[in-house]
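Here is the structure we will look at, set down as C-alpha cells.
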Amino acid sequence: MLKKILIFPFVLLVRFYQVAISPFFPPACRYSPTCSQYTLEALKKHGLFKGGWLAIKRISSCGPWGGKGYDPVP
C-alpha cells in the first residue's frame, strides 16, 4: 500500500506526459516498450527507488548513441 502511495505522483506525471504532451511530437523512442511505458512498469514492479533508477537509465540510453529494440523491465 505504501509503495502505491509513493509512486502515485510519478505515475500521474508520466500519464500526463503520455496524454497531453507526447501526442504532439512524432514517435521517436527507439525501444519497445516506449520509455514512458517502461517507466510506468518499472515503478509498479520495483517501487520508487529501484524503478526510478531503471527509468533514468533507460531514458538516458534513448538517443542516437544508445541502443534500440525490445527491452523489457527486468
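The values are calculated or read from the model by the stated rules, or taken from the named source; none is laboratory data. Source: prediction; values computed, not measured. Please note: Cβ atoms are built from the backbone with ideal geometry, for glycine as well, and neighbour counts cover all protein chains shown. For the accessible areas, the whole protein counts, side chains as well, though only heavy atoms, and no ligand, DNA or RNA atoms are used. Shrake-Rupley method; radii C 1.70, N 1.55, O 1.52, S 1.80 Å.
Worth pointing out:
- Every pair of residues 6+ apart whose Cβ atoms lie under 7 Å, when the first sits in region 42-55 and is under 9 Å from Lys4 (Cα atoms) while the second is open to solvent by 100 Å² or more (accessible area, probe 1.4 Å): none
- If the condition is being surrounded by fewer than 16 Cβ atoms within 10 Å (Cβ to Cβ) and of a type in the set (D, E, K, R), then region 42-74 contributes Lys44, Lys45, Lys50, Lys57, Lys68.
- Selection count, region 23-41, where residues are over 19 Å from Asp71 (Cα atoms) and surrounded by 15 or more Cβ atoms within 10 Å (Cβ to Cβ): 0
- Residue selected from region 19-58 under the condition small (Gly, Ala, Ser) and assigned to a helix (DSSP H, G or I), by the criterion farthest from Pro72 (Cα to Cα): Ala20
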